[in-house]
Amino acid sequence: MGVLLVHKAFQEIERDTWGDAYSDHGLAFATETGQPLYGDSVTKRFGELCDGAGVRRVRVHDLRHGRASLLLAAGVDIAVVSKILGHGSISITSDTYAPLLQGVGKAAAEAASALVPRAPRAPARTPRHPEGTREGTRGVSRSRDRQVRGWAPRDSNPEPTD
C-alpha cells in the first residue's frame with residue numbers, strides 16, 4: 001500500500017508539472033502525461049525488469065495465473081480467489097485451476113513460491129516475565145507459564161511443577 005501511495009504522489013507531481021496538457025483518465029498507471037499505457041510498452045518494460053532482476057522472462061498475464069495458483073495451493077477458498085481474479089463465476093475459476101484443486105499442482109506451486117524472494121524477518125521477541133510476578137503463576141515453571149499464555153507451541157511438553 002505504501003508503494004502505491006508513493007506512486008500516487010509522484011503522479012500528482014506529474015499532473016501539476018504538465019498542467020493542462022495532462023490528460024487525467026483516473027488511471028493508477030499511465031504515461032507521464034496521463035495517457036493510458038500501451039500493452040506493448042508494458043510488456044517491453046516488464047521484460048527489461050525481468051532481465052535486470054536476473055529472473056526468467058514470463059508474460060505479464062502469467063503473473064495472474066501464478067498468483068491464483070499460489071493462493072489455491074495455500075488453501076485460500078476458491079470463492080475468494082475467483083473474486084480476486086474478477087471471474088464472473090466460481091465455475092470459471094474451478095475449470096481453469098481444476099488440477100490445483102485436486103492437489104496435482106500443489107508441489108509445483110510450492111516450488112514456485114520458494115522462488116519468490118522474501119524480505120528477512122525480524123527475530124521474534126519473546127516477552128519476559130520473571131516467575132511469580134504475574135498473579136496465579138507462583139510455583140509454575142516458565143515453560144508451563146508460556147504454554148498457558150500461548151507463548152510456546154501447544155505440542156511442547158511443559159515441565160512438571162513441584
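Between Glu12 and Arg56, the simple spin-label model (points 7 angstrom out along Cα→Cβ) gives 4.2 nm.
Between Ala79 and Val42, full extension at 0.36 nm per residue minus the direct alpha carbon distance yields a gain of 10.4 nm.
With protein chains left intact and a 1.4 Å probe, residues in the stretch 1-114 average 71 Å² of accessible area per residue. Averaged over residues, the count of other Cβ atoms within 10 Å places the peptides 8-16, 81-89 in the sequence 81-89, 8-16, highest first.
Scalar couplings 3J(HN,Hα) for the stretch 11-22, obtained by applying the Karplus form with A = 6.51, B = -1.76, C = 1.60 to θ = phi - 60°, are 5, 5, 5, 4, 4, 5, 5, 7, x, 5, 6, 7 Hz; x denotes Gly and Pro.
The values are calculated or read from the model by the stated rules, or taken from the named source; none is laboratory data. Since the structure is predicted, the reported quantities are computational estimates derived from the model, not experimental observations. Glycine gets a Cβ as well: all are built from the backbone with ideal geometry, and neighbour counts include every protein chain shown. Heavy atoms of the whole protein, side chains included, go into the accessibility calculation; ligands, DNA and RNA do not. Shrake-Rupley method; radii C 1.70, N 1.55, O 1.52, S 1.80 Å.
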